[in-house]
Amino acid sequence: MNSKIMEMFDLSGKVAVVTGGSRGLGLQMGTALGRAGARVILVSRNADACIAAAGELAAEGIEAHGEAVDICHQAEVQSFADDVVKRYGSADILINSAGVQHRSPTVDFPEDKWRFVLDVNLTGPFFACQAFGRHMIAQGGGKIVNVGSLTSHIGLPGRVAYAASKGGVLLLTRTLAVEWAKHGVNVNAIGPGYFRTEMNTALFDNEEWVTNVMRYIPMKREGLPPDLEGTALYLCTRASDYMTGQILYVDGGFLAGAEV
């Protein structure tokens, strides 16, 4: 392959932070960045899980570290961002992948679950963008990738807090993209479709539910974590330098043809 093309996807020397990076989609995207040469810092609230995940990456030769950070606390996130730059010299890439879900009819949706879902899925990414954005602006550029959802575009019953949070992620992405473009900071999002991850294992164990969902996915299969690798790599490298404020849906064609 042409060496100039390969250079566009080379992340050697870059420092990448991945929230929700100890498992699932976050870990898979972090692994992809590490294989492209980035130094990867995996973040979640569970220190043991982050350290174990970083060990998995280190086993294949990736420089990786695990950090326990509660992204719902602004001061803690800012302190972490400052420490990353102090230790490694820069903060070049941020992927906001931390997320939670709660399903309940809207009329019965508990207040504590509403606040928790919004805190983790929207407030946390805002704090992380804010903290790392300050450093990216100061250093003259960076790449931020937020993780949205099908519900960044459509409404689905029983997921009012999740949909509100992921709709917010899309507009957070676009607002920051417009505000920070002049500083060389690209802010984009990925919208995964129905992926088989730990968070939705119960759904995929329900054969009736799987059969119904597959009716709406033209590719007739669920997404798997490796399906996000190429999209994440594209949005975090020079290949996407003229792209900002966008969301790329990786959904097997769901939104292209689903009658929801």
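Based on alpha carbons, the Rg and Dmax found for the stretch 218-260 are 12.5, 36 Å. The relative contact order of the stretch 5-135 comes to 25 percent, based on Cα pairs under 8 Å that sit 6 or more residues apart.
Between 0 and 90 degrees, the angle of helix 74-88 with respect to the longest Cα principal axis of the chain falls at about 40 degrees.
Given the choices (1) 49, 45, 38; (2) 52, 51, 42; (3) 53, 47, 38, Cα extents along the principal axes in Å derived from the coordinates of this structure is entry (1). Couplings for the stretch 218-228, taken from phi via the Karplus curve 6.51 cos²θ - 1.76 cosθ + 1.60 with θ = phi - 60°, read x, 7, 6, 7, 7, x, 10, x, x, 5, 8 Hz in order; Gly and Pro are left as x. Principal semi-axes of the equivalent ellipsoid, √(5λ) from the alpha carbon gyration tensor of the stretch 40-132, are 28, 17, 10 Å from largest down. In a reduced charge model with +1 at each Lys and Arg Cβ and -1 at each Asp and Glu Cβ, the chain shows a dipole moment near 580 debye about its Cα centre.
What translational diffusion coefficient, in µm²/s and rounded to a whole number, does the Stokes-Einstein relation yield for the stretch 1-77 at 10 °C and a viscosity of 1.306 mPa s, taking the hydrodynamic radius as the Kirkwood radius over Cα pairs?
Numbers: Rh = 12.7 Å.
Stokes-Einstein gives a translational diffusion coefficient of 125 µm²/s.
A simple spin-label model places the labels of residue 2 and residue 106 5.0 nm from each other, with each point 7 Å out along Cα-to-Cβ. In the chain, the portion of solvent-accessible area held by carbon and sulfur atoms comes to 53 percent [1.4 Å probe, whole percent, DNA, RNA and ligands not counted].
In this structure the chain gives 47 Å² per residue of accessible area when probed at 1.4 Å with all protein chains present.
Comparing 206, 16, 59 along the charge dipole axis of the chain, the residue lying farthest to the positive side is 16, per the Cβ-charge model. Going through the cross-link list 86/113; 113/166; 113/220; 143/166; 166/220; 14/220, which pairs have a Cα-Cα distance over 27 Å in this structure? As for pairs spanning more than 27 Å Cα to Cα, those are 86/113; 113/220; 14/220. Each Cα pair under 8 Å and six or more residues apart adds its separation to the average, and for the chain the resulting relative contact order is 19 percent. Just checking the listed ones, 84, 160, 107: in the Gaussian network model of the chain with Cα springs under 10 Å, the one fluctuating most is 107.
The values are calculated or read from the model by the stated rules, or taken from the named source; none is laboratory data. Being a predicted model, the structure only gives us computed values, none of them experimental. Positions of Cβ are backbone-derived with ideal geometry, glycine not excepted, and every protein chain shown enters the neighbour counts. Heads up: the accessible areas ignore ligands, DNA and RNA and are worked out on the full protein's heavy atoms, side chains in. Shrake-Rupley method; radii C 1.70, N 1.55, O 1.52, S 1.80 Å.
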